[in-house]
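For reference, the structure is listed below as structure tokens.
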Amino acid sequence: MTSLGNILDELNTDVLLQVFDYLQPKGGLIPLSMTCWGVRNATIPIIFSRCRIKIKKPLNEDCFIPRSLWSYVR
């Protein structure tokens with residue numbers, strides 16, 4: 001039996017990105033990202049590429065996006 005992770009490894013990256021882009025506005029990308037570590041790794045850059053923060057006070061380290069997520073935000 002083939003696992004989902006193995007199937008995803010065999011798919012072309014362009015195909016995966018198309019699937020991820022399709023799922024994101026429909027709310028399906030986050031649940032998909034929770035299925036396994038490999039899928040989570042592949043989807044994190046897309047999930048965090050379009051996040052917004054409403055700022056009500058001056059920015060400082062405590063009220064900004066955690067440093068561990070900076071590499072995923074454009």
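List of remarks:
- Exposure proxy order (Cβ contacts within 10 Å, fewest to most) of SER68, SER33: SER68, SER33
- Anchor LYS26: lysines whose Cα lies under 25 Å away (excluding residues fewer than 8 positions away in-chain): LYS54
- Full-extension gain in nm, ASP14 to LYS54, via 0.36 nm per residue minus C-alpha separation: 11.1 nm
FYI, it's all coordinate maths here, none of it is from the lab. All values derive from a computational prediction rather than experimental measurement. Cβ coordinates were reconstructed from backbone atoms using ideal geometry, including for glycine residues, and neighbour counts include every protein chain displayed.
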